[in-house]
Structures are given as structure tokens and as C-alpha cells.
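Q: I'd like to ask you about the structure that follows.
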Amino acid sequence: MKILLILNDPPYGTERSYNGLRLAKTLAKKGAEVTVFLMADAVACTRHGQKVPPGYYNLKLMVKSVLRGGEVLLCGTCMDARGLTDETEVVFNQVSYDIGLGKDLFSKRYLQRPPKQWIR
């Protein structure tokens, strides 16, 4: 089974990115082909030198654990907007700016029934 998870919440302050990465890790362990796409504030989950608030997990370490059994992609424009580069401790070699996604891809209709051409 192939699964794509799109995360866009910041690494800390909510638990959405944490739960998304936790789900990705579990699915990969169960044999699913997991791809996690980090966009918007979620790209900060990979930031080097994170000072984790008390009571929170280090999401960069969680990203590394997902990479052991799956794939993690980042939005290049989102990285630029937040001053992130590929020079983090987690090295990304597939930073892409224009991968041919239509503007309507993230509309409600597409999120409910994603086009098969974008799902591996």
C-alpha cells in the first residue's frame, strides 16, 4: 500500500506534525510505502539545532526515523521562506520548487479524492 501524508503545521505548539510523523513511522514499520510531504511551517520539523520545549519530542529525530522506512519530501519555496537550506543534519536531496502540481491540487475536492497521477 502506498500512502502520502501532507503535513503543514509547525513542529511545536500543536501535535498534528508529531502525530503525522508517528503515523508515518508506524505505517512504514507495517510495510506500507510511506511518503511524507512537509510544507508551510512543517518544514521546520527538520531544522538543525532545535531547542525542544519541555514535554515535547524532538521532531527532527522523528523525521530521521521516518526516513529509515519511508521518504520525506520538503517544499523548497517553504524552506526558502523560513531560511532553511539543505544544510541541516537531516540531508534532503529532493528539494523541488516546481514539480508540476496544478493550483487546484489542494482544493477540497482534490483532498477528498486525490488524482491518481500524483500518488505513487
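No lab work stands behind these numbers, since they all come straight from the coordinates. Please read all numbers here as calculations on a predicted model, not as lab measurements. Note that each Cβ is placed from the backbone with ideal geometry, even for glycine, and that neighbours are counted across all protein chains shown.
Q: What FRET efficiency, computed as 1/(1 + (r/R0)^6) with R0 = 25 Å and r the Cβ-Cβ distance, is obtained for HIS48 and ASN19, rounded to the nearest 0.05?
A: With R0 = 25 Å, the Cβ-Cβ based efficiency is 0.65.
Q: Amide H of LEU74: which non-local residues (sequence gap of 5 or more, or other chain) have their own amide H closer than 5 Å, using H built in the peptide plane?
A: LEU38, SER96
Q: For the stretch 2-94, what ratio Rg/Rh do Cα atoms give with a Kirkwood hydrodynamic radius?
A: Details: Rg = 12.1 Å, Rh = 13.0 Å.
Using only Cα positions, Rg/Rh for the stretch 2-94 is 0.93.
Q: I would also like to ask the following. At LYS2 and ASN58, where each label point lies 7 Å from the Cα along Cα→Cβ, what is the point-to-point distance in nanometres?
A: About 3.4 nm, to one decimal.
Q: Could you tally up the Lys pairs in the stretch 2-94 with alpha carbons closer than 21 Å? Skip any pair fewer than 8 positions apart unless they're on separate chains.
A: Total qualifying Lys-Lys pairs in the stretch 2-94 comes to 11.
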